[in-house]
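Down below is the structure, laid out as structure tokens.
The values are calculated or read from the model by the stated rules, or taken from the named source; none is laboratory data. Here the structure is a predicted model, which means the values were calculated and not measured. Positions of Cβ are backbone-derived with ideal geometry, glycine not excepted, and every protein chain shown enters the neighbour counts. In case anyone asks, the SASA skips ligands and DNA or RNA and just uses the protein heavy atoms, side chains included. Shrake-Rupley method; radii C 1.70, N 1.55, O 1.52, S 1.80 Å.
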Amino acid sequence: MPDSRLTRRSMLAVTMAAIAGCTSGGDDPEELPPDAETGGDESERDADEREIPDRDIDADWDAAAPFRTWLLDSDPVSGGNRRFDYTAVFPEGVDLEPVLPGFSDVTIDDVDGHLVQAFTQVFFGTFDVDAITADADRDDDTEITGTYGGYTVVTESLPDGERTLAIGPEAIVIGDDYEARIDAHQGERDRLEDVDPEFTHLFQQLPHTETVTGEYDAPAGSNVDIDEIYLWGVSSESPMAEEMTWVFVFESADALTDDALETLEAVSSDVASAERDGRTATIVGTPPAMPEDAPGATDGT
């Protein structure tokens, strides 16, 4: 049976996971989601000692989707998989209010895109920094603590703790690693693709920029859990699209056999195409049906 972790529910993680577990921006191990990689199993590969394949490829940053400059090769979880979820399309009914700055009037209508990686969120749009800063200054639970890289840094008190926001005219960063994010975006520190060009290759293979997920290793807990998968990603025109493209990059071409490609076809309930080229497999098709009790599951889609 196809695995629902690779379907719309996975693509919706960009918003729903943020609402459920990223509001504080912290990385306390006790707050990690149940499927987070902790590195406790000695058989798990340590991402910090990962052997990066030799691929001669460079990112074209001028043409790259803007969210890519904010991705880091770091993870608060030991052995983490660097997972990221991005969307520029918000399905009807998705509510970002719990994760937007509670002291301001910023709404989902002001947001052009949303990135989640390693418990940090980046909201993209055109923001009135002066107005948001003034709102923060008037709020009893919010403190302006300074500036960094042209961004105003704010600490917001929440019922379950505090979170740090860096507010700029084109992005609002929520997370303790805002300095590293801003540095990467401004080209002053290595980005994920600078460290591992395999992600540049992944982005070149994925046909969409509207909704994109990617990470190291095979999808956790899925029925395509092949040890030789180096990284994978999926993209579509929206989180609820009827057609998606999955790309799996293997550690070696020898590992990407006909049998492996057939196993990968389980990601789709109706495969339109399945191809392999060297170390790369591409599956195009419809997402598997979500479980009947999953949020948003209707008419088996």
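Kindly rank 111-122, 132-143 from highest to lowest mean number of other beta carbons found within 10 Å of each residue.
Numbers: 111-122: 23.2, 132-143: 15.3.
By packing density, highest mean first, the sequence is 111-122, 132-143.
Would you work out the relative contact order for segment 68-192, in percent, from Cα pairs under 8 angstrom that are 6 or more residues apart? Present the calculation step by step, with values, prior to reporting the outcome.
Numbers: 208 pairs, mean separation 32.2, N = 125.
RCO, segment 68-192: 26 percent.
At a 1.4 Å probe radius, which order do Thr209, Thr155 fall into by accessible area, largest first? Please report the intermediate quantities before stating the final value.
Working: Thr209 85, Thr155 30 Å².
The ranking, largest first, comes out as Thr209, Thr155.
Sort Glu242, Glu265 from largest to smallest accessible area, using a 1.4 Å probe on the heavy atoms of the protein chains. Before the final figure, lay out each step's value.
Details: Glu242 110, Glu265 65 Å².
Result, largest first: Glu242, Glu265.
Which one, Leu256, Val212, Val284, projects farthest toward the positive side of the charge dipole computed for segment 196-286 from Cβ point charges (K/R +1, D/E -1)?
In segment 196-286, that residue is Val212.
Roughly what would the spin-label model give for Val284 and Asp105, points 7 Å off Cα along C-beta, in nm?
My value for the distance between the label points is 4.5 nm.
How far, in nm, would the chain grow between Thr155 and Asp254 when pulled straight, counting 0.36 nm per residue and subtracting the alpha carbon separation? Please report the intermediate quantities before stating the final value.
Details: separation 99, 0.36 × 99 = 35.64 nm, distance 5.06 nm.
Gain on extension, Thr155 to Asp254, equals 30.6 nm.
I want the local charge near Thr200. Using Cβ-Cβ distances under 11 Å, sum +1 for each Lys or Arg and -1 for each Asp or Glu among the other residues. Could you put the intermediate results ahead of the total?
On the way: positive: Arg55, Arg68, Arg191; negative: Asp56, Asp58, Asp60, Glu193, Asp194, Asp196, Glu198.
Local net charge: -4.
Ranked by accessible surface with a 1.4 Å probe, highest first, in what order do Tyr148, Tyr230 come? Please report the intermediate quantities before stating the final value.
Numbers: Tyr148 65, Tyr230 5 Å².
Correct descending sequence by accessible area is Tyr148, Tyr230.
Could you give the length gained by full extension between Val129 and Asp60, i.e. 0.36 nm per residue of separation minus their alpha carbon distance, to one decimal place? Spell out each step's value before the answer.
On the way: separation 69, 0.36 × 69 = 24.84 nm, distance 2.93 nm.
So the chain would gain 21.9 nm between Val129 and Asp60.
Rounded to whole Å, give me the distance from the Cα center of segment 165-206 to that of segment 69-113.
13
Could you work out Rg/(2.2 N^0.38 Å) for segment 196-286, with Rg from alpha carbons only? Kindly include the intermediate steps, with their values, before the conclusion.
Values: Rg = 11.9 Å, N = 91, 2.2 N^0.38 = 12.2 Å.
Against the compact-globule rule of thumb, the ratio is 0.98.
Would you please name the trypsin sites (Lys or Arg not before Pro) within segment 161-227 that are DSSP coil residues with at most 16 other C-beta atoms within 10 Å of their C-beta? Walk me through the numbers before you get to the answer.
Details: sites: Arg163, Arg181, Arg189, Arg191; in loops: Arg189, Arg191.
Passing both the DSSP loop test and the Cβ count: Arg189.
What part of the accessible area of segment 196-286, given as a whole %, is carbon or sulfur when the probe is 1.4 angstrom?
On the way: 1290 of 3390 Å².
Exposed carbon and sulfur together represent 38 percent of the surface.
Just the accessible area per residue of segment 196-286, please: how many Å² with a 1.4 Å probe? Show your work: numbers first, answer last.
Details: 3390 Å² over 91 residues.
Ligands and nucleic acids excluded, the result is 37 Å² per residue.
Using a probe radius of 1.4 Å on heavy atoms only, what accessible surface per residue do you get for segment 68-192? Whole Å² is fine. Could you put the intermediate results ahead of the total?
Working: 5350 Å² over 125 residues.
In whole numbers, segment 68-192 has 43 Å² accessible per residue.
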